[in-house]
Amino acid sequence: MIRTDTAVIGGGAAGLMAAITAAGSGASTLVIEHMDRVARKLPSTGNGKCNYTNALQGVSFYRGEDPAFVMPVFAQFGLPETLAFFQELGIRPKERNGYYYPSSGQASSIPEVLCMEARYRKVSIVTSCVIRHIRKRRDGFEILTDGAAYFAKTVIFATGLLAAPKTGSDGSAFPLIASLGHHFVEVVPALVQLETGQKILKGAAGVRTEASLTLQIPPGEDVADVFPERGELQLTEYGISGIPVFQISRYAARALAQKKQVSVEINFAPWALKEELYELIGQRFGRYARGKTSAEAMTGLFDRKLNAVLLKEAGIGGSFPAEKVGAAQRRKLCAKIRHLRVEIVNTKGFSSAQACAGGVDTAELYAGTMESRLLPGLYFAGEVVDIDGACGGYNLQWAWSSGYVAGRHAALRACGKPDPGSGQKYNDLQKKKAGET
């Protein structure tokens, strides 16, 4: 049996950070990855440019049953520590509108420097290794794989959930975690496209336009803190996509899983007040009509395909003379521009999702150490925990921060070193202090 101080299960962003930190804290460290290589998901993040953190931070950018759980974690390793860590590894940051990217413009730079640092810290990495069973022993954990048996004093689960399963987050660790007594908040896709039930927008497929989206769920669902969302909306054959869609998608997915009716109200003119828009439409269909058809009167306002959809929804024929469109029809057109409602029937699923909502219940973890409240020596990091971030580098920031905290405290326990973060009293105190700052 191969022995190590700390075993990290999962070689993604959180797992590599946990392993590097544990090894840097003096623990012999092993990473067990069931794919053929580590960090398979990282090169595809940020459209291949890896938005690895964001200048704007705070609990409002994180979601879960208990979003405040993140505060003691970020108090130990937050944005400044993240930027400093990656700069030391060779990543020169490039900031754009608060989003941080490697100046190389290549997402692959991030996993490359992490693997270099893991090698420098003498982290052992075993790939294509499937864990069959894990058992708690008096002084550690016995890990049985299809290739070898390992014994670790502490274990960190950093396996991800179900987003982009082809990269390794396929849920195969769920039974292992459950066998150790932990429970999951139901896992649903997040940062994902939404499918609509009607064919309203099909004629405008391919259009990208600025819009404001408001998610509508039956009373009782608390989503007021993040809506409406404004940004570039992408209209597709199946429904809607784009960053504002990603921001609301985890709430839509959760409501759909609960069999609730979900719809999205789209405002295609977030730049205009109600009466301003009505005046604009009045000009186009009035004194500026100049013999134009209704379709011609809309030219230059929105994309031609979107104009056709909006006119149809308002009951105005595209070839109908613009100057003959009455006040009631103009107001109906304005209403469709500002309040087009589409029914949401599904998400594009885990295979298209950039992240997941749900995961290991944070009520079963100590916030200040990421250690299990159920089994001493067992830790969790990254997406596998019931914390997910908004679009914009927040999920990776959670991976770096939680990976650091889990790796540090797991190493201290494994090496028998004093750990000021051990115990419920410290964790709860840190959470309280973080909430006061």
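For every helix of n ≥ 4 consecutive DSSP H residues, a contribution of -39,500 (n - 2.57) applies; sum these over the chain, divide by its total residues, and give [θ] at 222 nm rounded to the nearest 500 deg cm²/dmol. Intermediate results must be reported in sequence, preceding the final value.
On the way: 12 runs with 134 residues, N = 437.
Rounded to the nearest 500, it is -9500 deg cm²/dmol.
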Could you pull out every residue, at least 5 positions away or on a different chain, whose amide H is within less than 5 Å of the one on residue 129? Hs are placed 1.01 Å off N in the peptide plane, and Pro or chain starts have none. 33, 34, 35
What are the ³J(HN,Hα) values, in whole Hz, obtained from phi via the Karplus relation 6.51 cos²θ - 1.76 cosθ + 1.60 with θ = phi - 60°, for each residue of the range 192-203 in sequence order, with x given for Gly and Pro? 9, 6, 10, 9, 9, x, 8, 9, 3, 8, 4, x
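Give me the net charge for the shell around residue 50: Cβ to Cβ below 14 angstrom, other residues only, Lys and Arg +1, Asp and Glu -1.
With Lys, Arg at +1 and Asp, Glu at -1, the net is +4.
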Inter-probe distance in nm under a simple model that places probes 7 Å from Cα toward Cβ, at residue 257 and residue 375: 2.3
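Given a cut-off of under 8 Å on Cα pairs at least six residues apart, what relative contact order in percent is computed for the chain? Show your work: numbers first, answer last.
On the way: 999 pairs, mean separation 109.2, N = 437.
The normalised contact order for the chain reaches 25 percent.
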GNM, the chain, Cα, under 10 Å: largest mean-square fluctuation among 190, 335, 19? 335
On full extension of the chain, what length is gained from residue 97 through residue 288, given 0.36 nm per residue of separation minus the C-alpha to C-alpha distance? 64.9 nm
Among (1) 1.08; (2) 1.00; (3) 0.95, the entry that matches Rg/Rh (Cα atoms, Kirkwood Rh) as calculated here: (1)
Cβ-placed point charges (K, R +1; D, E -1), dipole of the range 193-348 about Cα centre in debye, nearest 20: 540
Between residue 202 and residue 323, what is 0.36 nm times their sequence separation minus the Cα-Cα distance? Round to one decimal in nm. 40.7 nm
Formal net charge of residues neighbouring residue 409 (Cβ-Cβ distance under 12 Å; K, R +1; D, E -1): +1
Residue 385 long-range amide H proximity, modeled H, under 5 Å: 360
Taking only complete DSSP H runs, can you tell me which helices of the chain stretch 24 Å or more along their own long axis by Cα positions and average at least 0.5 on the Kyte-Doolittle scale? none
Within a Gaussian network of the chain (alpha carbon springs, distance under 10 Å), most fluctuating of 380, 320, 74: 320
What nm distance separates the two modelled labels at residue 332 and residue 178, each placed 7 Å from Cα along Cα→Cβ? 5.3
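Return the percentage of antiparallel bridges among DSSP beta bridges fully within the chain, rounded to the nearest 5 %.
On the way: 49 of 68 bridges.
Taking every DSSP beta bridge with both residues in the chain, the antiparallel ones total about 70 percent.
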Residue-ordered couplings for the range 28-39, obtained by feeding phi - 60° into the Karplus form 6.51 cos²θ - 1.76 cosθ + 1.60 and rounding to whole Hz (Gly and Pro as x), are 5, 10, 10, 10, 10, 10, 7, 8, 7, 7, 7, 6
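Based on DSSP, what percent of beta bridges with both residues in the range 193-348 are antiparallel, to the nearest 5? List each step's numbers first, then the result.
Values: 24 of 25 bridges.
Around 95 percent of the beta bridges assigned by DSSP in the range 193-348 are antiparallel ones.
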List every residue whose amide H lies under 5 Å from the amide H of residue 371, counting only residues 5 or more places away in sequence or on a different chain, with H placed 1.01 Å from N in the peptide plane. 366
Which of 79, 228, 239, positive extreme of dipole for the chain (C-beta unit charges): 239
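Run through the DSSP bridge list for the range 123-167 and note the antiparallel percent, rounded to the nearest 5. Walk me through the numbers before you get to the answer.
Working: 10 of 10 bridges.
Expressed as a percentage, antiparallel bridges in the range 123-167 total about 100.
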Approximate spin-label separation residue 166-residue 148, in nm, with each point projected 7 Å along Cα-to-Cβ: 3.1
Choice from 201, 191, 375 with maximal GNM fluctuation in the chain (Cα, 10 Å cutoff): 375
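Can you give the extra length, in nm with one decimal, that the chain gains between residue 44 and residue 68 once fully stretched, where that is 0.36 nm per residue apart less the Cα-Cα distance?
Values: separation 24, 0.36 × 24 = 8.64 nm, distance 2.89 nm.
Extending this stretch completely gives an extra 5.8 nm.
Read-outs: derived from the displayed coordinates by stated rules, not from any lab. These figures come from a predicted structure and were not determined experimentally. Please note: Cβ atoms are built from the backbone with ideal geometry, for glycine as well, and neighbour counts cover all protein chains shown.
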